[in-house]
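Worksheet: the structure to be examined is printed underneath.
The values are calculated or read from the model by the stated rules, or taken from the named source; none is laboratory data. For clarity, every value in this text was computed on a predicted model and none was experimentally measured. Note that we place each Cβ from the backbone using ideal geometry, even for glycine, and neighbour counts take in every protein chain shown. Only protein heavy atoms, including side chains, enter the accessible area calculation; ligands, DNA and RNA are left aside. Shrake-Rupley method; radii C 1.70, N 1.55, O 1.52, S 1.80 Å.
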Amino acid sequence: MTQGVAEEMANSESQTPKALLAAVILMGVLIIAAVFGLIGVIAYRFLHPRPSVTATVPLAEGGFSRLALPLGPGEHITAVTSRPDGLMAVTLSGAGSDRVLLWNPEAGKIAAELDFGTPAPSTP
């Protein structure tokens, strides 16, 4: 009786579905490919670093540059972001409306202003 059970177990082990075996092999190949891909991306980024964006600000006589933003009553700066073209986007919030100023640090001037709270003029 035990011999029949042993033969049955031996037969069941050798009858592993071929689809399951193919899936296991495919997953192993995909894992290996992903590891090599990840190593390739890391090596590429290490060998080709992105240039950092730096804005040079002309210094005043006191040794620092000063920006006087046209802040309205109750407004405050919520974010400052440098752009690839050298301008800096300054987000202002408060006083019922939000706006964005584009500052040119090389010239020390405001290049443009986007006001989100001003209604569009009506046309007659």
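General remarks:
- To the nearest 10, the accessible area of Thr81 is 80 Å² with a 1.4 Å probe.
- Net charge in the neighbourhood of Arg99 (other residues with Cβ under 14 Å of its Cβ; Lys, Arg +1, Asp, Glu -1) is -4.
- Sequence of Glu106, Glu75, Glu113 when ordered by accessible area, the most exposed leading, probe 1.4 angstrom: Glu106, Glu113, Glu75
- Two-site label geometry, Leu71 and Ala23: point separation in nm, points 7 Å out along Cα→Cβ: 6.2
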